[in-house]
Amino acid sequence: MMNSQVAKNFAQLKPALLVLPVVLLSMIALFLFSQNALNTNGYVEIQKPFFYAINSRLSEFPNLMYNLTYMGDALVFLSMMGVFIVIAPKIWEAAVPAALFSLLFSKLFKSLFSVPRPAGILDQDSFHIIGKTLVGFSSLPSGHSITVFTFLTVLMFGFMPKELGKKIAWFALVVFVGLIVALTRVGVGAHYPLDVVSGSITGYICGLLGIFTMRKFNLFGWIGQKKWFPFLMLIFLVCVVVFVNKIRTENLPVYYLAIVGLVVSLYKMIKVYVQK
C-alpha cells in the first residue's frame, strides 16, 4: 500500500519542478555578479558578517551541531532509510540514482569553483571550529547540504499528502528540517552560508533528477526484490561494523541511530525473506 502510494506520487511529478531551483541558483549567481563577488576574495568578503554571526550563534550548541552535521553523511542518512527497502522500495529506487547525481554534482562544482574553506582563508581564531579543522579548496557547494536535500526531496515527494494544506505544511517541515541540518555546516565552521544555500538547492535538483531517472529507466527496480535481500543484508551488516568502529573513535548518538536503522532494516528483510 505504502509503496503504491509512493509510486503514484512520483508519477505525478512534472519536470517543470526543476525550473524554480534553477532560477534560484541563477539569481544567486546574478547577485554575486552584481556585487563583484564572482571571485574567491569577493565571495568570501561578502559573506563574512553572516558567516561570523551564524557560526557564533550555532556554535553555542557544539554537541548538537556535531551530531546533526553528520546527518549530511550519505552512509548515515541511507542507513536510517534502510527500512524503506522493504516497506517502500520505490524510495530507494529513486534515492540511489539521486545519490549518484549528488556525488557527481558535488565533485564537479567543488572542482570547478575551487573556493577555500573558511579555515583555509580566514583567521581560525576569529570563529568557532567544531570537530576536525577542514581546509582545502572544496567549500562551494556544501556536499553535506547536497546530500541532505537530495534524500529529503525524495522522501518529501514520495510521501507527499493529497490535501493542499497538508502539502504546504509537509513541504515547509521538510525544508525547515533540511535547512537546520545544512546550517550546521556553518555552525561547525566548515562552510559559508551561500555554500549551504547553493548546496541545498542543488540537492533538491538531484532528488528530482533521481525520481525522474527512476521513472524513465528504473535501473534499480531490483532493490525491493526478495531474491536480492541476502546481498543487501550483507551490505547492511558491513555498515553495522563500520558504525561500531566509528563509535569506538567518536561516540556520537547519530551513529547509534544509524545502527538502529540498519538493525530494523535487517529484521524486516529477514522476516520477509524467510516467509514462504
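The values are calculated or read from the model by the stated rules, or taken from the named source; none is laboratory data. These numbers were taken from a predicted model, which means no experiment stands behind them. Neighbour counts are summed over all protein chains in view; Cβ atoms, including those assigned to glycine, are modelled from backbone coordinates with ideal geometry. These accessible areas exclude ligands, DNA and RNA; they are computed on the full protein's heavy atoms, side chains included. Shrake-Rupley method; radii C 1.70, N 1.55, O 1.52, S 1.80 Å.
Overview of results
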quantity	calculated
List Cys239, Cys206, ordered by accessible area with a 1.4 Å probe, largest first	Cys239, Cys206
q = 0.14, 0.18, 0.19 Å⁻¹, region 56-145: log10 I(q)/I(0) [Debye, one scatterer per Cα]	-0.66, -0.94, -1.00
Degrees, to the nearest 10: 143-158 long Cα axis against longest axis of the chain	40
Kirkwood hydrodynamic radius (C-alpha pairs) into Stokes-Einstein, region 149-235, 10 °C and 1.306 mPa s, D in µm²/s	106
Exposure of Asp125 as accessible area (Å², to 10), given a probe of 1.4 Å and all protein chains	140
Rg(Cα)/(2.2 N^0.38 Å) for region 63-213, N = residue count	1.06
0 to 90° range, to nearest 10: angle between helix 193-216 axis and the chain longest Cα axis	30
Å² per residue, accessible surface of region 112-268 at 1.4 Å	47
Cα centroid of region 229-276 to Cα centroid of region 33-101, whole Å	23
Volume of the Cα convex hull of region 1-125, divided per residue and given in Å³	154
Cα-derived Rg to Rh of region 219-262, Kirkwood definition	1.12
Degrees, to the nearest 10: 48-58 long Cα axis against longest axis of the chain	50
Label point at Ser126 placed 7 Å out along Cα→Cβ; residues across region 17-47 whose backbone nitrogen lies under 14 Å	41-47
Residue-averaged [θ]222 nm for the chain, counting only DSSP H segments that reach four residues, each worth -39500 (n - 2.57)	-23000 deg cm²/dmol
Exposure of Glu45 as accessible area (Å², to 10), given a probe of 1.4 Å and all protein chains	110
Surface share of carbon and sulfur [accessible, 1.4 angstrom probe, percent] for region 104-144	59
For region 52-102, the spread of Cα positions along each principal axis, largest first, Å	41, 22, 13
Residue-count net charge about Trp92 - beta-carbon cut-off 15 Å; Lys, Arg +1, Asp, Glu -1	+3
Alpha-carbon centroids, region 1-17 and region 149-211: separation in whole Å	18
Dipole in debye (nearest 20) - region 1-99, about Cα centre, beta carbon charges: Lys, Arg +1; Asp, Glu -1	280
Which listed pairs, of Lys107/Lys227; Lys14/Lys162; Lys110/Lys216, have C-alpha distances above 26 Å, in listed order	Lys107/Lys227; Lys110/Lys216
At 1.306 mPa s and 10 °C, Stokes D of region 107-184 from Kirkwood alpha-carbon radius, µm² per second	108
